[in-house]
């Protein structure tokens, strides 16, 4: 999976200076790419992930970039985790300006009839339920900060439909639904809620390529730009824009960052 974006410079350096942002699932993959982009643009970051072995490495990488970073190991299957994550951010930094709900735990792709209730509940508990609880926990602190931005994550697997992703796709569409409702209710509080639907070179995409190369190549062929996205330069840059002050009139939107794939289906 080649990528030609690694040399593209940032056009809005320090656009997030002073803003405190939580990024879930930030030890690796899309979440780590997002965190790297936010760090380069000056954000102060609370990283959280279940991967206790990988999280310190991610924190050190961002610290080496000059970012102010704190991290918390958390299992989003635990309903109490959301409050603990948000309180950790506010206790450490004194405020909260943004929330990026990237994390979700899923099993490898499988036919619809082969997916179990446990598979469905895993995607649901770490996806829409965790997103719901984190948004609720963050809300009063975003209000106290004078408003803020929440970026949630959907997927073309749900928006357009992708064979093998029943549990994952349904979880991602649930996240889009609750995001629209929150955007309507919280607009008066100055809180924006948007959804990003990426196709990016994460560990999950790499695993999909190994498990079902034919399906992965079919997905690649459906991308008009004929490449897979970069987690930092493509996805992270968009998230940075949505968290910053250049997008203060943008809310309740689902934005595909997928090279044109899935948008019109």
Protection-proxy order for peptides 212-218, 252-258, 112-118, each taking the mean of Cβ atoms within 10 Å per residue, highest first: 252-258, 212-218, 112-118
Helix 81-93 axis, angle to the chain major axis (alpha carbon atoms, nearest 10°): 40 degrees
Fewest-first ranking of 168, 249, using other Cβ atoms within 10 Å as the exposure measure: 249, 168
Label-reachable residues, the range 56-80, where backbone N falls under 19 Å from a point 7 Å from residue 181's Cα toward its Cβ: 79
Euclidean distance of C-alpha centroids, the range 90-163 and the range 231-262, integer Å: 16 Å
Efficiency of FRET between residue 57 and residue 207 - r from beta-carbon atoms, R0 22 angstrom, step 0.05: 0.65
Computed over the range 20-257: relative contact order in percent, which uses C-alpha pairs under 8 Å that are six or more apart: 22 percent
Relative contact order %, the range 181-248, counting alpha carbon pairs below 8 Å whose residues are six or more apart: 32 percent
The chain, Cα convex hull volume normalised per residue, Å³: 119 Å³
FRET E, pair residue 68, residue 163, Förster distance 35 Å, beta-carbon r, rounded to 0.05: 0.20
Ranked 26, 125, criterion: other C-beta atoms within 10 Å, fewest first: 125, 26
Mean residue ellipticity (222 nm) of the chain, computed from DSSP H runs ≥ 4 via -39,500 (n - 2.57), nearest 500: -12000 deg cm²/dmol
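Values in this text are rule-based calculations from the coordinates and carry no lab data. If you're wondering where the values come from, they're calculated on a predicted model, not measured in any experiment. Note that we place each Cβ from the backbone using ideal geometry, even for glycine, and neighbour counts take in every protein chain shown.
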